[in-house]
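Remarks on the structure that follows.
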């Protein structure tokens with residue numbers, strides 16, 4: 001009986017200690033986020049501070065995988081990696097989010113962003129096409145589905161062609177209104 005009571009007390013102390021550290025880590029992230037949200041941040045500082053923030057997000061998700069913020073922090077790590085122009089790393093974080101937390105409400109946007117990164121930054125059009133199609137099939141009612149369809153329709157078209165199409169459609173619309 002004494003042994004059980006002793007083990008129970010140790011478990012409670014360990015839980016309290018872990019929970020206390022988790023709150024401290026979450027506060028460190030909030031402080032780093034606030035630092036980056038300042039208006040007068042220079043790009044060099046933004047990149048360096050962004051890398052530090054990504055490390056904090058990933059470390060939190062690794063240390064506390066069952067915490068409610070873990071999948072959100074992976075999503076934020078992906079977004080920040082895009083902001084600091086580290087696209088392969090962003091894809092890695094979005095992939096991890098999709099694999100470890102498939103029911104997270106950020107998964108649809110992670111898939112959309114993976115498609116967007118592949119299309120616009122990495123110029124991997126076959127992968128972008130595959131991801132846009134997956135997004136449209138899996139999330140037909142999502143608010144970004146029209147954007148995914150438009151991206152898929154225009155995938156690989158040169159900018160000049162898109163401008164001509166836009167001007168043509170704009171002319172048709174103005175004639176209809178007159």
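The values are calculated or read from the model by the stated rules, or taken from the named source; none is laboratory data. This one's a predicted model, so the numbers in the text were calculated from it and none came from an experiment. Cβ: placed from backbone, ideal geometry, glycine included. Neighbour counts: every protein chain shown.
So which pairs qualify, if the first residue must be in segment 144-170 and farther than 18 Å from residue 121 by Cβ, the second must be modelled with pLDDT of 90 or more and part of a helix (DSSP H, G or I), the Cβ gap must be under 6 Å, and the two must be at least 6 apart or on different chains?
Pairs found: 145/136.
Here are the criteria: (1) surrounded by fewer than 19 Cβ atoms within 10 Å (Cβ to Cβ); (2) touching a residue at least 12 places away in the same chain (Cβ under 8 Å); (3) over 21 Å from residue 32 (Cα atoms). Tell me which single one residue 69 does not satisfy.
(3)
List the helices (runs of 4 or more DSSP H) inside segment 108-178, counting only whole elements, that have at least 1 residues being exposed (fewer than 11 other Cβ atoms within 10 Å of the Cβ), at pLDDT 95 or above and out of contact with any helix residue (DSSP H, G or I) (no Cβ under 7 Å at 6 or more places or on another chain).
Filter on segment 108-178 gives 125-138, 145-154.
Considering only segment 88-107, how many residues are within 24 Å of residue 146 (Cα to Cα) and in a helix (DSSP H, G or I)? Walk me through how you get there before you give the answer.
Within segment 88-107, the subset within 24 Å of residue 146 (Cα to Cα) is 90-91, 94-95, 97-98, 102-107.
Those still in the list that are in a helix (DSSP H, G or I) too: 90-91, 94-95, 97-98, 107.
Qualifying residue count, segment 88-107: 7.
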